[in-house]
1. Enumerate the residues in segment 43-70 having an amide nitrogen under 16 Å from the point lying 7 Å beyond the Cα of Ser25 toward its Cβ.
2. Find, among the chymotrypsin sites (Phe, Trp or Tyr not before Pro) in segment 207-283, those assigned to loop by DSSP (not H, G, I, E, B) with at most 15 other beta-carbon atoms within 10 angstrom.
3. Going toward the positive end of the dipole of segment 34-124, with +1 on Lys and Arg Cβ and -1 on Asp and Glu Cβ, which of Ala119, Ser92, Gln108 do you reach last?
4. DSSP beta bridges in the chain, what fraction antiparallel, as a percent rounded to 5?
5. Which value in nm describes the separation of the simple spin-label points at Tyr138 and Tyr176, placed 7 Å from the Cα toward the beta carbon?
6. Can I get the semi-axes of segment 7-150's equivalent ellipsoid? Compute them from the C-alpha gyration tensor as square roots of 5 times the eigenvalues, in angstrom, largest first.
7. Starting from 0 in steps of 5 Å, tell me what percent of the Cα-Cα pairs of segment 193-283 lands in each bin.
8. Using the C-alpha gyration tensor of the chain, what are the square roots of 5 times its eigenvalues, in whole angstrom, with the largest one first?
Amino acid sequence: MQKVTLNNGVEMPILGFGVFQVPDSAQCEQAVSNALEAGYRLIDTAAAYMNEEAVGAAIKKSGIPREELFITTKLWVQDQGYESAKKAFHVSLDKLGLDYLDLYLIHQPFNDYYGSWRAMEELYKEGKIRAIGVSNFYPDRLVDLILNNEVVPAVNQVENHPFFQQKAAKKVMEEYGVQIQSWGPFAEGQNNIFQNELLSGIGAKYGKTVAQVILRWHIQRGVVTIPKSVRKERIAENFNVWDFTLSDEDMAAITAMDSGKSEIIDHFTADTAEALNGWKIHE
């Protein structure tokens, strides 16, 4: 497993397993168990995914030493704010059945995320979280957070795939020492990505699938990525990306696929702000 070193010296696997849109407890637990068996050590969940307990159950059953795992979860919009964030953190930790988190992220840049960040800074300094970061923060909000707080986010998890590469945002993250992480590495299947002729042609050259080509492209760009699947064979397939290297020509061809716009969500609209603020995960 290739790793990246975060701005505080913590090492993070560059390839992990995500559990977004796997709310069924039994299915999620089995998928995480399959991922751990396949070799994944980074598991990414969130309070809003409603499956932290299932992830925790799979971790416990695996018998893998805690120090070998890298577990991420996220603070939801509803729980933003200094006191609320501290409470939500402990709820997530209890659901996961863990003593500490490797990475805790602010899930969305809405509500009182400044209060949340102060709480997370304290939890980080207390050793309850090895690294803290954000998700879905575009350059303006990311830089503003950095300039007005003590701890620089270690990670920014954003939509990132061949159709939406966020090149300018990635450059800003690099300038400030923030590790970019991709959610939706396969564009959630948009634009018929798995049948894309260019990606299929590149895969044929290496004897690899479109999914494997995309993951390899992320890895060679230094982007941490967390593909999700509930199919055991696909979970294993997505992990099998260490025995080939894309050529500079192939990397450039995929880079040229960038449309410069999201295929999934527009964080700059009032509708998005209203929807995410209105999404409640508890009473």
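The values are calculated or read from the model by the stated rules, or taken from the named source; none is laboratory data. Predicted, not measured: the structure shown is a model, and the values here were computed from it. Neighbour counts are summed over all protein chains in view; Cβ atoms, including those assigned to glycine, are modelled from backbone coordinates with ideal geometry. What goes into the accessible areas is simple: the full protein's heavy atoms, side chains included, and nothing from ligands, DNA or RNA. Shrake-Rupley method; radii C 1.70, N 1.55, O 1.52, S 1.80 Å.
1. 49-61
2. Those satisfying the criteria are Trp242, Phe244, Phe268, Trp279.
3. Farthest along the dipole direction, towards plus: Ser92.
4. 15 percent
5. The answer from the label model is 1.4 nm.
6. For segment 7-150, the semi-axes come out at 25, 16, 14 Å.
7. P(r) for segment 193-283, in whole percents per bin: 2, 11, 18, 19, 15, 11, 10, 7, 5, 1, 0.
8. Gyration-tensor ellipsoid for the chain: 28, 22, 18 Å.
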